[in-house]
Amino acid sequence: MNLSKLIAKHVQKLVPYQSARRIGGHGHTFLNANESPKSEFYIFNSTTLNRYPDCQPEEVVSGFADYIGVQYNHVLVSRGSDEAIGLIIRTFVEQENEGIVIAPPTYGMYEVAARTNNVRVAYAERHEDFTLDADLILEAVNKADFNVKAVFIDSPANPLGILFEKAELEKLLKALPDTLVVLDQAYIEFARKGYDFAKLVDEYDNLIVTRTLSKAFALAGIRCGFTIANPEIIKAMLKVIDPYPVCDPVAQIAKQALASGGINLMEVRVAECIKRRDILDSALRSLPIVEKIFESNGNYLLVKFKDGPAVFNAMAQKGVILRSFEDKKGLKNCIRISIGSDLELEELMRYLTQFANSQA
Ligand code: PMP
């Protein structure tokens, strides 16, 4: 039997998302997945594990709604914001004849989720400095030979680190009343002030914001993300979501992270991360192998080296695993470095300096 023929045609063609874990790599210092370098301590009660959890654990939904200042019925909790991306596509975009617009280089899951669900993808251009505006997206929407149901924009952008301006977002929301504008704000806690647009869901019915506990809250391991949108959008997504997307231990931990103590800890963690990001930025600037450092609003730096692959391989040989963007549009020689601990970043700088000296 030819089993490969059984696989749906669109899945046969699918290139899966290359997560840091799937790419792997042998090393001891992992600066490739934008994770927090340290985990916190949580209390865990195992006496309810015999029961199925609530589909939408109330205290997690209300904890997050209070944290960002929106009403509870505007929030959906899911298995990471990755699940939210897939859910949005499955709920709103019809297979084969409708699709989404993205603006590469951008977070890879939008395209993978679209292709997995057999919906179409069109690409918006960026300006030469990689910034994006409403007109560039509108041009792609108008040019697409299918009905564009959703536009996905990451702000802060991964790996670019840049932000999408409020005026551009509002222009887009007004120009596309029948299209969903999905603003992925996974890294917003690390950004310059004034770019958190979750509250705009009160004003714009076609705005969806996605958020996560994976980054600022240092909880990538529990897989807990959020969608913020008009209650009608949330209700539609709840028709499609799996019966029990948030495991009971996840809900217990998320609840603690979203209590006031957890939020205070998060704020300290973010401030320290930004300090280390600035220190790494200046240290890298002193190296002759560095060509450019992109402005960052996340827990990572995107760095253009004179010879990216040589740097990536030299670090991997030392056991320091970074993320290469060599084959992504406009990002030749670019490497993304997650902001690790002081010790990890000191180690990285030691090896980068050695490498720079060996090239001199
Ligand atoms: N959005 C962006 C821009 C990301 O970089 C990531 C993870 N790297 C995600 C969403 C997914 O986050 P999670 O599923 O862990 O919430």
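Numbers below:
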quantity: Pairs from Lys13/Lys143; Lys215/Lys292; Lys171/Lys292; Lys255/Lys318; Lys171/Lys329; Lys166/Lys329 whose Cα-Cα separation, in the structure shown, is over 29 Å; calculated: Lys171/Lys292; Lys255/Lys318
quantity: Tyr300 long-range amide H proximity, modeled H, under 5 Å; calculated: Ile339
quantity: Burial ranking of peptide ranges 324-331, 32-39 (average Cβ count within 10 Å, highest at the top); calculated: 32-39, 324-331
quantity: Segment Asp327-Ala271, extension gain: residue separation times 0.36 nm, minus the distance between their alpha carbons; calculated: 16.9 nm
quantity: Percent accessible area from carbon and sulfur atoms, the chain, protein chains only, probe 1.4 Å; calculated: 52 percent
quantity: Helix-derived mean residue ellipticity, 222 nm - over the chain, DSSP H n ≥ 4, -39500 (n - 2.57), to 500; calculated: -11500 deg cm²/dmol
quantity: Neighbourhood net charge (12 Å Cβ-Cβ; Lys/Arg +1, Asp/Glu -1) for Tyr110; calculated: -3
quantity: Candidates Pro105, Pro177, Pro245, ranked by Gaussian network fluctuation over the chain, Cα under 10 Å, top entry; calculated: Pro177
quantity: Relative contact order %, the chain, counting alpha carbon pairs below 8 Å whose residues are six or more apart; calculated: 22 percent
quantity: Protection proxy ranking, peptides 285-298, 63-76, average beta carbon neighbours within 10 Å, highest first; calculated: 63-76, 285-298
quantity: At 0.890 mPa s and 25 °C, Stokes D of the stretch 53-259 from Kirkwood alpha-carbon radius, µm² per second; calculated: 145 µm²/s
quantity: Alpha carbon convex hull of the chain, volume per residue in cubic angstrom; calculated: 158 Å³
quantity: GluC sites (Glu not before Pro) within the stretch 209-283: DSSP coil, no more than 14 neighbouring Cβ in 10 Å; calculated: none
quantity: Relative contact order (percent, whole number), the stretch 171-214, Cα cutoff 8 Å, 6+ residue spacing; calculated: 50 percent
quantity: Listed peptides 188-195, 353-360, 208-215 by packing density, highest first (mean Cβ within 10 Å); calculated: 208-215, 188-195, 353-360
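The values are calculated or read from the model by the stated rules, or taken from the named source; none is laboratory data. Nothing here was measured: the structure is a model prediction, and the numbers come from that model. A quick note on method: Cβ atoms are made from the backbone with ideal geometry, for glycine too, and the neighbour counts reach across all protein chains shown. Ligands, DNA and RNA are stripped out before the accessible areas are found, and what is left, the full protein with its side chains, is counted by its heavy atoms. Shrake-Rupley method; radii C 1.70, N 1.55, O 1.52, S 1.80 Å.
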